[in-house]
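Derivation of every value follows stated rules applied to the coordinates shown; laboratory data play no part. Predicted model, so just to flag it, every value in this text is computed and none were measured. Reconstructed Cβ throughout: ideal geometry from the backbone, glycine too, with neighbour counts over all protein chains shown.
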Amino acid sequence: MSSHRLSPQPGEVIDRGRSFTFRWNASPFAAYDGDTIVSALAASGERVFSRSLKYHRRRGLLTGDFNDPNCMVTADGEPNVRAAHRLVRPGMSVSSQDTWPSLRFDVKAANQLVGRFLGPGFYYKTFMRPQRLWPAYDGVLARFAHGGHAPTAADGDRYDQRYVHPDVLVAGGGPAGMAAAIAAADAGARVLLVEEEHHLGGHLRWGESSDLESLRAAVDAAGIEVLTDAVVTGRYDGNWVSVLQRSAPGATPHFRERLVKARAKHLILAPGLLDRPYVVGGNDLPGVMLSTAVRRLVNLYAVRPGDRAVVLTANASGDAAVADLTRAGVEVARVLDARQGEDIARIRGRSGVRAVECSDGSVVDCDLVVTAVGWTTPLTLATVSGARAEFRPEAARFVPVGLPDDVSATGGIVGDGSLDELLDHATAVGREAARRAARSAVALAAGNPHARVAAAPESFAVDIPDLRPAEHPMLFLGRTDGIVDFSEDVSAKDLKSAVHEGYDSLELAKRYTTATMGPSQGKLEAVNSIAAVAAASGAGFAATGTTTGRPPYVPVSLGALAGRSHQLLRRSPLQAWHEANGATPLYAGSWIRPDHYGDAAAEVRAVRENVGIIDVTPLGKFDLRGPDVPDLLELLYVNKWRKLAVGSVRYGVMCAEDGVVLDDGVTGRLGPEHYLMTTTSSGADAAHDWMERWLQTERRDWQVHVTPVTANYASINVAGPRSRDLLSRLTDVDLTPDAFGYMRVRTGTVGGIADCVVWRIGFTGELSFEVHVPAGHGVLVWEALLAAGADLGVRPFGIEAQRILRLEKGHLIVGQDTDGLTQAYGAALDWAVKLDKPDFVGKPELLWQQIRDDHLRLVGLQPVDGAVVPPEASQIVEDGTRIVGRITSSRMSPTLDRAVCLGLVAPHLSTAGTTVTVRLPGGGSLQARVLPQLAHVDPEGVRLRA
Amino acid sequence: MPSLVDSSSLAKVLVRASPDLGDSMGVHFGLSTRDPSGALVVGYGYGEWLVLASPDSAGDVVHRFEGRPYDGLRSVIDVTHGYAVLRLTGTDAAELLSRLCPIDLSDDVTPTGAVFRSVVGGLSVGVIRDDEAGEPSYLLVVDRSYGQSLSDMLGDAGGEFALAYVRPPLPGM
């Protein structure tokens, strides 16, 4: 048995039948199932678990719970593990942090020798000059940064999430929390009970308690959902409450953490009280513990915390700690009763506690000092709920005042009393919470068409008994200087010094010294900081005020916030075919598309010489119906639409109110009041929002329905001089030029599938037809085209080939050849803008653009050396340095066997034949000539009108 | 043990009109009901109804609703191929869905017949509670292109509940 392990204790949580070993700083140690890392180490007599931030002083167990600032370690590669809370596992490898070469012999302890130069804010006064040495200073300071090392390997753990809607959420599973939860459940509420420790019970766990067993049994019987090792991290508007669940033993699949997002109708705060450290010289020596830490060690983990103790007590917890120590075989050498005016003057020791100087001048040898000097109320959740903190000097602690109607508090956060008084208060709070939750449910159901919530019977508020904090002596600062913030190594003297330097408010002193800004987030040090600043400034405790607590209440891992990682991909019905046939994927927005099938240049040649097919399913598609559709098109596009005949198609450009190009696409008229609009794939959602915005706000009287049908169709573009030959083999639509001219639309059967929409449009510069097939039949038609066109040389082509083809043809891509400032005239869309229309979105700005005529212009560009392809976004410069444009699109053309580009250039350079200079990213440059038109191939458009 | 069935082969017809058509349609926004033919008529949005019927009956459904007298603008559109529909059934169905959906799925708030649109794992999904033989059951309607993503997410969340993923689609609802 380990040297400090006691015989079985009533209420212990360790399982002596399951022992194992783990490693601490490479040495093996024994543990039982149920031990925390620190309890197992303490059972073996270990007392030092870390070194302090600045001075690297040895630090031992202080609070013995999650908030213990001296027990942060690295466990199995995970840094900053709270060793006084984390359960130890067989084979676990635990190591101290930020010590070198070891915890026992840490060279950084030399900082203590220069401690006078490391006072608060020292980094504002030192490491400033000479400035050229900042990189070196940065490197030195980085070595002293606390907090372990983040692992470099990807985190393969699962972080889960869950949404819950309890009627009542109880934060805190001590006796008050349990009683409130039981009462709420008995009153008919759905209750979620959240407890930060591994077990319910709070302070009732310390020693055998029949009350604890009956409360636990009642919780089970009431059907309350209980989350242990879970903590409420924040409360937001409308009782949106976040709960971090750190573990769920036996959960399948296993998750490291789960973020539970709760919308509670009522929140009950029952967090209990936090034992507060005493600020006195030597208070950070290993062997100085709070009374609750001692009670925890003895009762839960059967660990003897020391051999010879001095206890400073001012309350019942300290008194009980004395009894626990005595029972555990610890010699209690002296009990100093603060209620009788006794005190500790200083704690002596070097590597640990050696003796205590008492206020009466006597010196008592010991290896353990236990303090019980008062309670801190954990108020963060109350204050973020809207309450304010009110200091009660007679009780030496704060209480929350002014909680909103949907938040209550019970237990120590409200006041003190016997167990029966606490339970009576909690029971009343629970019943009242259930009553208010029922009232909320009825109110919420009022606007819900399908809710089935019976009207709550008329009821009166439950009478809540009075519960007040008990009187307690004010004990914050001792007679000698001690540590206030253990995490940040800030002493009372540091705070006093800050105030004397002029940082005389709590908020300033906090930021200057970093007190309360460490991992415990002020829980242990906020009140003592207030006391230190109050004493130094002379302002008084109440007048000094408090700092502002904000969520999260405890640190939350990024993994928990991120949750499950799902890549939300949009897939065409043909995607499986693409993958099976060697397509290289391209992620375009939320879509996955085939970039090419192995040889984009060959695909381009196939389209130019024979026929190719491409999956263009992601094209935005909208079904427009109603008598006012032409009005909508006239309003939102820069060109004219009223004369569009049934069966005809028109290309449209959509601009925003500032004239900037938003989107483009073709719209076909399928019937008298029926149109099918296409947009860019990436702009489809925005175009839909844009249309609905106008219809629902500015033109509410228009009779138009816009229905997205993007995914309703598998869209296949059949392009190339032999596209008519191919498609005619599969459709009953007359594709002859006279029957089906350019920019026309028909419906019919393709590949045996009815209700297909066939367009004669083109993006590649070749004769082409775009077929929209009901999506479920897309693969059938695709494969039919490939089979029917084998003798015609048909092959699939991907996005890369399409980009090359459209660039050769000079077709712009919105967002590629335009940007957030490109108005219509700048995009060479002069021909589309009809300023003689009465009105359309963007008209005033476009009119002004036309008058100013000072905009960049989109032009076709041909590098003089056709072998060099300038990278897209290369700058076009004048006089060596002045930027006058950029390359927007650029590729090697398989058709022309030379580079082809589009670019935006300054107006004085946009004349055909002008030579411009393109600055290459590597530093060189090339010359490029402006073409008379955007198209490099077939500028007259003969091929696509074949 | 919950089950997930791909019901995308269901005929789906979107009817759009003024909200006052609700009386004629038999249901308003947020609710669903079976019509005499057995089709599920869903109040899917403001002035929007989604009719789910047996596979290959879309033409009949379109014809039936186009034939009803109505004065205002009405669109009846066959969107059978535009949506994926997954049916999630079982006593743990709501608990599984709560891993992905923030809406209160309790019987009081969203009983059978309830309809809403919400975010499910980051996707915009229409959720129709349509209990089967007394067992909780949800029809999840999503843009077809996101069907695989939704299925994958449900499968991932369903690991905790031993979700049984039934392939291929079954006839009827």
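Looking at chain A, the DSSP beta bridges with both ends there are about 75 percent antiparallel. Averaged over residues, the count of other Cβ atoms within 10 Å places the peptides A:30-38, A:298-306, B:98-106 in the sequence A:298-306, A:30-38, B:98-106, highest first. Counting charges near A:Gly77 (Lys, Arg +1; Asp, Glu -1) among other residues having Cβ under 12 Å from its Cβ returns a value of -4. Given R0 = 56 Å, the distance between the Cβ atoms of A:Gln131 and A:Arg729 translates into a calculated FRET efficiency of 0.15. Restricting the count to DSSP beta bridges whose residues both fall in region A:566-702, what percent are antiparallel, rounded to a multiple of 5? Antiparallel bridges make up about 95 percent of those DSSP assigns within region A:566-702.
A simple spin-label model places pseudo-atoms 7 Å from Cα toward Cβ; at A:Arg256 and A:Asp466 they are separated by 5.2 nm. Using only Cα atoms, find the angle between the long axis of helix A:291-301 and the longest principal axis of chain A, and express it within 0 to 90 degrees, rounded to the nearest 10. For A:291-301 against chain A, the angle is about 80 degrees. Rounded to the nearest angstrom and listed largest first, the equivalent-ellipsoid semi-axes of region A:130-225 from its Cα gyration tensor are 47, 19, 13.
Here the relative contact order of region A:32-93, from alpha carbon pairs under 8 Å that lie six or more residues apart, stands at 36 percent. What shape does region A:412-494 take by its C-alpha gyration tensor, where a ≥ b ≥ c are the square roots of the eigenvalues and a/c under 1.5 counts as rounded, a/b above b/c as prolate, and the rest as oblate? Note, shape of region A:412-494 comes out oblate. Ranking A:Leu61, A:Val107, A:Ala75 by Cα position along the charge dipole of region A:4-133, where only Lys, Arg, Asp and Glu carry charges on their C-beta atoms, puts A:Val107 farthest toward the positive end. Dipole of chain A (Lys/Arg Cβ +1, Asp/Glu Cβ -1, origin at the Cα centre): which of A:Thr233, A:Gly545, A:Val718 lies farthest to the positive side? The one lying farthest along the dipole's positive direction is A:Val718.
Summarising the strand pairing of region A:53-199, around 60 percent of its internal DSSP beta bridges are antiparallel. Here the peptides A:680-688, A:56-64 are ranked by packing, the mean other Cβ count within 10 Å, and the order with the highest first is A:56-64, A:680-688.
For the protein assembly as shown, adding -39500 (n - 2.57) for each run of n ≥ 4 DSSP H residues and dividing by the number of residues yields -6000 deg cm²/dmol at 222 nm.
Rounded to the nearest 0.05, what FRET efficiency do A:Glu609 and B:Ser118 give with R0 = 60 Å and r taken as the Cβ-Cβ distance? Could you check? It comes out at approximately 0.70.
About its Cα centre, region B:1-159 has a charge dipole of approximately 380 debye under the convention of +1 per Lys or Arg Cβ and -1 per Asp or Glu Cβ, with nothing else charged.
With viscosity 0.692 mPa s and temperature 37 °C, the Kirkwood radius over alpha carbon pairs of the protein assembly as shown converts through Stokes-Einstein to a diffusion coefficient of 95 µm²/s. With a 10 Å cut-off around each Cβ of B:42-50, the average count of Cβ atoms from other chains is 1.
The distance linking region A:864-909 with region A:213-227 is 73 Å (Cα centroid to Cα centroid, whole angstrom).
Computed from point charges on the beta carbon alone (+1 for Lys and Arg, -1 for Asp and Glu), the dipole magnitude for the protein assembly as shown about its Cα centre is near 2600 Debye.
Applying 1/(1 + (r/R0)^6) with R0 = 56 Å to the Cβ-Cβ distance of A:Phe122 and A:Phe20 gives a FRET efficiency near 0.80. With the simple model of a label 7 Å out from the Cα in the direction of the Cβ, A:Ser93 to A:Gln112 spans 3.1 nm.
Extension gain for the segment A:His566 to A:Trp240, taken as residue separation times 0.36 nm less the Cα-Cα distance, is 115.0 nm to one decimal.
The lysines whose alpha-carbon is closer than 17 Å to the alpha-carbon of A:Lys640, local same-chain residues fewer than 8 away aside, are A:Lys834, A:Lys837, A:Lys843. With Cα atoms defining each centre, region B:8-82 and region A:498-525 are spaced 64 Å apart in the structure.
Once Rg and the Kirkwood radius are both taken over the C-alpha atoms of region B:97-173, their ratio Rg/Rh works out to 0.93.
Each Lys and Arg contributes +1 and each Asp and Glu -1, all at the Cβ; summed about the Cα centre of region A:165-280, the dipole is approximately 480 debye. Reported to the nearest whole Å, the Cα centre-to-centre distance from region B:107-157 to region A:1-37 is 48. With each label modelled as a point 7 angstrom along the Cα→C-beta vector, the A:Asp337-B:Asp131 pair spans 6.5 nm.
Within 10 Å of the Cβ of each residue in B:98-105, the mean number of Cβ atoms contributed by other protein chains is 5. Here the peptides A:77-88, B:140-151 are ranked by packing, the mean other Cβ count within 10 Å, and the order with the highest first is B:140-151, A:77-88. Taking a point 7 angstrom from the Cα of A:Asp854 along the C-beta vector, which residues in region A:894-929 have backbone N less than 20 Å away? So the set is A:904-911.
Compared with the direct C-alpha span, the chain from A:Ala867 to A:Ala542 gains 109.1 nm at full extension, assuming 0.36 nm per residue.
Legend: mean number of C-beta atoms from other chains within 10 angstrom of residue C-beta atoms, peptide B:71-80, equals 5. To the nearest ten degrees, helix A:316-327 and the longest principal axis of the Cα atoms of chain A are 70 degrees apart. Between helix A:175-186 and chain A there is an angle of about 50 degrees, using the helix long axis and the longest principal axis of the Cα atoms. For the pair A:Ile883 and A:Ser362, the difference between a 0.36 nm per residue extended length and the Cα-Cα distance amounts to 179.3 nm.
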